[in-house]
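Structure record follows, encoded as structure tokens.
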Amino acid sequence: MSKGRRDMDLNDEVDGSERKRATIHDVARECGVSVSTVSNALAGKTNVSEETKQRVLAAAAKLGYRASKFARSLRMQRSFTIGVLIADVANPASPDFVRGIEDVAFREHCTLLLCNTDGDEGRQIAHMRSLLDQQVDGMVLISQHCEGEAVRQLLSAGTPFVLLQRRSHRYADDYVGADNLTSVIDAVRHLTDLGHRRIAFIRGPHESSTAQERFDAYLHAVRVFGLDNDPNLIFSGNYSIEGGYAAAMRFLELDKPPTAILASNDMSAMGVLNAASERQIEVPGNVSLIGFDDIALASFSRINLTTIHLPKRDMGAAAAQLLMKRIQSKEPLEPQTLIFPTRLVVRGTTGIAANGKPKVRVAALSRRSGEAAPLGT
């Protein structure tokens, strides 16, 4: 390379390094509008015409202008960050909840700060304090402890928050959850239609309001359908594969084992499948199985799990929308509760009870909460 060319490249580098960062004033001059018009256009305000907005966006792109998030935060007294606390990021049901929250956050130009608590209240409180120190605009708590110190600190700080998948009975808060009663009734009805009378249940953690609602729904269904009311058919699990495995092993060792098992979540159901495979028990030939959540794995051909579908992404989005509404409101808002319907998805793990008297020969492929499913003849 010639000396002249090297000098030219060096000058280009110097010019580039000394080039000033474009400001909002530069964008205003480029468009021939006021600084306030540029600010309103970039903020998506409705008091700017679409033509002007497009001119401003084009000028900003041309000049490489990026609005200062710090200045914006100072001006609007917001950080444009949302904290999301989740009990277990490894749980396959978790990503869809987070995706729904992120869908809304992205539209609102907010950044998510995701914290995993491992279901530990001390860790949850530590994460919440850190998020409060970072002045997040609000938080979504997914399956978190919500009766004690954790929520009390949020209330004291005045930070908006929404509970997702675990409600508080002590505090009045925004809550998004599923219709657990109808979900379990639908699942048990499907099993009784197939002739099952001895239906076992794997419950979730005792501290979880969602797990308690599903357990209460099971007890209600036992009464409604006149099923075997045997305490040996109930196992206290923890929403894990290991818990489901332990439950199945205990059920299968009973003198009179169940002909069907209803698990509080799909991970517990996966544990049942592992135990059945190990014991060479056919599913659904010897025992039928229903999960809860409809995680992606449930539809895999080698698993093909009958389960209750939760609209997890929609629920996450609804929680984020409630939070944004509370963040943006200048007036106090009454707490809201949103309950989502579910859908029973019948796949390959439920079948006619071996010694039962089925009411139907073929069950529908799906059933929405509160709706009667079409049945074959």
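The values are calculated or read from the model by the stated rules, or taken from the named source; none is laboratory data. Here the structure is a predicted model, which is why all the values come from computation and not from measurement. For neighbour counting, all protein chains shown are included, and Cβ atoms are generated from backbone atoms with ideal geometry for every residue, glycine included.
Summary table below
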quantity	calculated
Those residues of the range 192-215 which are in contact (Cβ under 8 Å) with a residue 12 or more places away in the chain and in a helix (DSSP H, G or I), in sequence order	Thr192, Asp193, Ser209, Thr210, Ala211, Glu213, Arg214, Phe215
Index of the failed condition, His206 passing every other in (1) more than 18 Å from Gly291 (Cβ to Cβ); (2) at pLDDT 95 or above	(2)
All helices (runs of 4 or more DSSP H) inside the range 1-110 with 1 or more residues being modelled with pLDDT of 75 or more	24-31, 35-42, 50-63, 94-107
Among residues of the range 216-228, those that are in a loop (DSSP other than H, G, I, E, B) and hydrophobic (A, V, I, L, M, F, W, C), counted	2
